[in-house]
Amino acid sequence: AILPSFSNDVLAVQNQTIIANKSLLNLIISTDQNVDIGTILHVLVVQFRNQYVPTRIEALKWLLVLHEKSEKSGEWLDEFLQDLLPSLLKNLSDPNDDVVRLNLQV
């Protein structure tokens, strides 16, 4: 679970988190192999409730990337929409405007 590290107080940890996160996202984007989307989405939904804004924002960015990949491949996210919808609707009332904006993009 790399996402909570975006909210770490230590700048060096945040920087390493950014690098590792980019590598993981690139791996997800570039792979043609099946990915356990259910597990990834579960982690993202848990992080939507994180108390720290940077973590919630990065979780939404992950969901946005997964959504874009699913549009290109024509699969993945549709079967998980029922599980995601309550969390996405709750995110619309997030006190942070950036979280709400990203949520609307999804």
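In table form, for the structure just shown:
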| read-out | value |
| --- | --- |
| Enumeration of residues in region 47-70 that are under 12 Å from the mean Cα position of the chain (by Cα), of a type in the set (Val, Ile, Thr) and at pLDDT 95 or above | Thr55, Ile57 |
| Of residues in region 1-13 being assigned to a helix (DSSP H, G or I) and without any contact (Cβ under 8 Å) to a residue 12 or more places away in the chain, the one nearest to Lys72 (Cα to Cα) | Val13 |
| Any hit, region 27-35, residues being within 14 Å of the chain's Cα centre (by Cα) and either surrounded by fewer than 17 Cβ atoms within 10 Å (Cβ to Cβ) or in contact (Cβ under 8 Å) with a residue 12 or more places away in the chain (or both) | yes |
| Residue that is surrounded by the most Cβ atoms within 10 Å (Cβ to Cβ), among those in region 39-98 that are among the polar types (S, T, N, Q) and in a helix (DSSP H, G or I) | Gln47 |
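The values are calculated or read from the model by the stated rules, or taken from the named source; none is laboratory data. All values reported here derive from a predicted model rather than from experimental measurement. FYI the Cβ positions are ideal-geometry reconstructions off the backbone, even for glycines, and counts take in every protein chain you see.
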